[in-house]
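Peer 1: I'd like to ask some things about the structure below.
What follows is calculated from the coordinates using simple rules that are stated; it is not laboratory data. Predicted model only: the values in this text are computed from it and were never measured. We place every Cβ from the backbone using ideal geometry, glycine too, and count neighbours over all the protein chains shown.
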């Protein structure tokens, strides 16, 4: 198996076997042969070890072992990518001094580097259930993004992390006050920063996420407003059947929450018609399952 295949295998299996993927990735540190392989392995180690397993200390040790291989030039792009993950682990322990030192050693002292590190830490802390700290780190990343023109890589990092946090929190029952605040803020940030860093599909899906978050939080008027915008973007850009299906699905949920039964039923019927136009078997199956749940929600 090539290095690229091993990394791909890790990503494909990290949800169902995070422990095994982490151990195999850690064992692979000694097998690396060139600097270009370092960022991909560091990213996998960090995501699985710190976020999925909730073991930032073990992850930090693995990342430092990778750094000690000295495959990268001290201030190369590869070293910067690795330093960001190391610094993020330090921030998870509230050790900003060590985080700053890790970045400085790689020459990564710009607002973009520091902001990306805060987004990485936010993802770990949110997964750990520390919503207040996760929100603080997201807010810090946003402040750094506002120093002059927002760097594209930082905007993407904020948008992607915020979206992932919001999507995860939506699945959690009985959110506490801090988690509710984080859900709403993360969904809003995803929408704001995909406008800067993404294309119309990113923005449309961010509207979906924000509407869905508002449904979770019982914010009916906002849920409807963002669902309508999600659908409008699909119509404007002639989105395919699957994309439009989910726009109709969230519109039905939002109008159900708002008590607008006829509008909800209209979107449900539109979603049902769209399923028949979806040709990809996997996507069609997913949409059929979603439609069954939607029928129960709408009462159709």
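Peer 1: What's the long-distance tail for the stretch 214-300, i.e. % of Cα pairs beyond 17 Å? Spell out each step's value before the answer.
Peer 2: Values: 1610 of 3741 pairs.
For the stretch 214-300, the share of Cα pairs beyond 17 Å comes to 43 percent.
Peer 1: What angle do you read, to the nearest 10 degrees and between 0 and 90, between the alpha-carbon axis of helix 261-275 and the longest principal axis of the chain?
Peer 2: So the inclination is approximately 70 degrees.
Peer 1: Could you give the distance between the Cα centres of the stretch 221-300 and the stretch 129-172, to the whole Å?
Peer 2: Rounded to whole Å, the Cα centres lie 27 Å apart.
Peer 1: Per 10 Å bin, what percent of the C-alpha pairs of the stretch 33-108 does each bin hold, from zero upward?
Peer 2: 22, 56, 21, 0
Peer 1: Let me ask something else. Let me have the 222 nm mean residue ellipticity of the chain computed from DSSP H runs of 4+ only, each contributing -39500 (n - 2.57), with the sum over all residues rounded to the nearest 500.
Peer 2: Working: 15 runs with 226 residues, N = 300.
My calculation for the chain gives -24500 deg cm²/dmol from helical runs alone.
Peer 1: For the chain, what relative contact order do you get, as a whole percent, if you take Cα pairs closer than 8 Å and at least 6 residues apart? Before the final figure, lay out the partial values.
Peer 2: Values: 418 pairs, mean separation 27.4, N = 300.
Result for the chain is 9 percent.
Peer 1: If you don't mind, another one. How fast does the chain diffuse by Stokes-Einstein, in µm²/s, taking the Kirkwood radius from C-alpha pairs at 20 °C and 1.002 mPa s? Could the numbers behind the result be given before it?
Peer 2: On the way: Rh = 20.5 Å.
Estimated via Stokes-Einstein, D reaches 104 µm²/s.
Peer 1: Here is a further query. Taking R0 as 22 Å, what's the FRET efficiency between residue 15 and residue 232 from their Cβ-Cβ distance, rounded to 0.05?
Peer 2: Values: r = 33 Å, r/R0 = 1.51.
So the FRET efficiency works out to roughly 0.10.
Peer 1: At 7 Å along the Cα-to-beta-carbon direction for both residue 171 and residue 24, put a label point, then send me their distance in nm to one decimal.
Peer 2: 2.1 nm
Peer 1: So if R0 is 41 Å, what FRET efficiency would residue 136 and residue 3 give, r being the distance between their Cβ atoms, rounded to the nearest 0.05?
Peer 2: Numbers: r = 36 Å, r/R0 = 0.89.
Using R0 = 41 Å, I get an efficiency of 0.65.
Peer 1: With labels modelled as points extended 7 Å from the Cα through the Cβ direction, what inter-label distance (nm, one decimal) is found for residue 269 paired with residue 178?
Peer 2: 4.8 nm
Peer 1: So if each residue of separation counts as 0.36 nm, and I subtract the Cα-Cα distance between residue 221 and residue 262, what length gain in nm does that give? Could you put the intermediate results ahead of the total?
Peer 2: On the way: separation 41, 0.36 × 41 = 14.76 nm, distance 1.60 nm.
Gain on stretching residue 221 to residue 262: 13.2 nm.
Peer 1: Report the full-extension gain for the segment residue 31 to residue 61: residue separation times 0.36 nm, less the Cα-Cα distance, to one decimal in nm. List each step's numbers first, then the result.
Peer 2: Values: separation 30, 0.36 × 30 = 10.80 nm, distance 1.69 nm.
Between residue 31 and residue 61, full extension yields an extra 9.1 nm.
Peer 1: How much FRET efficiency would the formula 1/(1 + (r/R0)^6) give for residue 152 and residue 240, where r is the Cβ-Cβ distance and R0 is 30 Å, rounded to 0.05? Mind showing how you got there, number by number?
Peer 2: Details: r = 27 Å, r/R0 = 0.88.
Efficiency, from the Cβ-Cβ distance: 0.70.
Peer 1: May I pose another question? Take residue 300 and residue 200, extend 7 Å from each Cα along the Cα→Cβ direction, and tell me the distance between the two endpoints in nm.
Peer 2: 2.4 nm
Peer 1: Based on the mean of other beta carbon atoms within 10 Å per residue, what is the order of 28-40, 242-254, most packed first?
Peer 2: Working: 28-40: 15.6, 242-254: 24.4.
My ranking of the peptides, most packed first, is 242-254, 28-40.
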